[in-house]
Amino acid sequence: MLGLLARPARAASLLQRCASSAAAPAARGHVKIVEVSPRDGLQNEARVVPTATKLELVRRLVAAGATCVEAGAFVSPKWVPQMADSPQILQQIAQQRGVSYPFLVPNDKGLAALLDIAGPRGSAPGQTDEIAIFTAATDAFARANTNCSVAESLERLAPVTQRALDAGLRVRGYVSVVGGCPYQGDVDPAHVGAVAKALLDMGCYEVSLGDTVGVATPAAMLAVLNECTRHAPVERFAAHCHDTFGTGLANVLACVDAGVRTVDAAVAGLGGCPYSPGATGNIDTESVVYALHESGYSTGFDLAALARIGGWISEEIGRPNGSSAGRALLAREAKAQRDAQKETRARL
Ligand SMILES: CC(C)(COP(=O)([O-])OP(=O)([O-])OC[C@H]1O[C@@H](n2cnc3c(N)ncnc32)[C@H](O)[C@@H]1OP(=O)([O-])[O-])[C@@H](O)C(=O)NCCC(=O)NCCSC(=O)C[C@@](C)(O)CC(=O)[O-]
């Protein structure tokens, strides 16, 4: 991929090819993208984003090829006001066959509220087939995020997980601050491995490794992955990278090279971390999809459609588009449209 940078003409034609088709060659297999923008991307927005906009974001992402969209969080609205309409989202989401819509659940109260709407799996309306539970690699971050230590959060989450599994839901786990903590600094990868193991032992089908504040490097993510894979095969782990220091995409690609086949990302690089000053959003889905397609992986996404969603949602919430890949694709599309109009006028 880096070779492209030195060859603008080839880069331009690759961009055009990427923008025109989701069906890039997939010689190296499929990477699942968990689109987290409706939840992780929007949760820190100070201005309330209308429920209809969130639903439209989910709808557009699925239309662009997403098969897993993290659609909201049944957390305390006192802690995260932006997620207060998650029950309405779950009720109103136009669910598509073959697409998962996980919701974050921090405790029994959140699960009870979700099950009140969703019911056991298979009982419509408003069903989801998946929840995501979350803890951290450090006590300081766990306290800031969930008001309890890591050990306490695991104790709290075990019965939540069991109850969700009994209701037929799949449970995904998150470990935050795997690459560094804004309060405690360095994080021991072996400790991340132990927390990830606890989530897997509980019944999580997968654990997403969150570089929450975007400080990890590829070497750091690989050290974490090495420790985690002492406990379970690499397919049980996902990469969740933020891009504060510009290493997000390199971290994702290093993890994929090491065998990770699920990557979390947010369109337009939406997001941020309320507990880490200056932390930027999630790695943008557009650059992840571009880099994966160009590296021979499939993702199922239509990159041009994704770029349009990034432009649209950025305008809706009044933020600059945080995806440089998305901005480039949109600029090229706009130029192609202008050229086509010029040509039409010239022919008349
Ligand atoms: C865990 C708690 C609830 C503990 O919060 P607490 O204050 O210790 O709990 P509490 O039991 O004392 O409850 C406080 C109030 O919240 C209510 N409450 C309690 N639970 C719920 C619930 N589920 N749904 C709705 N309301 C709830 C509860 O009823 C009570 O209301 P009051 O009685 O005062 O009116 C709180 O700390 C919380 O909600 N934290 C969530 C914070 C959060 O959502 N953070 C962002 C998601 S994690 C993340 O972004 C990282 C990730 C996943 O993306 C990966 C990465 O990047 O690393």
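Points worth noting:
- Of all the numbered requirements in (1) crowded, with 16+ Cβ neighbours inside 10 Å; (2) away from the ligand (no atom under 16 Å from the Cβ); (3) touching a residue at least 60 places away in the same chain (Cβ under 8 Å), residue 62 misses one, and that requirement is (3).
- Scanning segment 55-91 for residues that are of a type outside the set (Phe, Trp, Tyr), in contact with a strand residue (DSSP E or B) (Cβ under 7 Å, 6 or more places away or on another chain), over 22 Å from residue 261 (Cα atoms) and in a loop (DSSP other than H, G, I, E, B) gives 75, 80.
- Residue that is surrounded by the fewest Cβ atoms within 10 Å (Cβ to Cβ) [pool: residues in segment 45-54 that are in a loop (DSSP other than H, G, I, E, B) and within 16 Å of the ligand (Cβ to nearest atom)]: 46
- Residues of segment 21-44 that are more than 11 Å from the ligand (Cβ to nearest atom), under 19 Å from residue 241 (Cα atoms) and at pLDDT below 95: none at all.
- Lone unmet requirement of (1) at positive phi; (2) crowded, with 20+ Cβ neighbours inside 10 Å for residue 119: (2)
The values are calculated or read from the model by the stated rules, or taken from the named source; none is laboratory data. Since this is a predicted model, take the numbers as computed values, not measurements. No Cβ is skipped: glycine too gets one built from the backbone with ideal geometry, and neighbour counts run over all protein chains shown.
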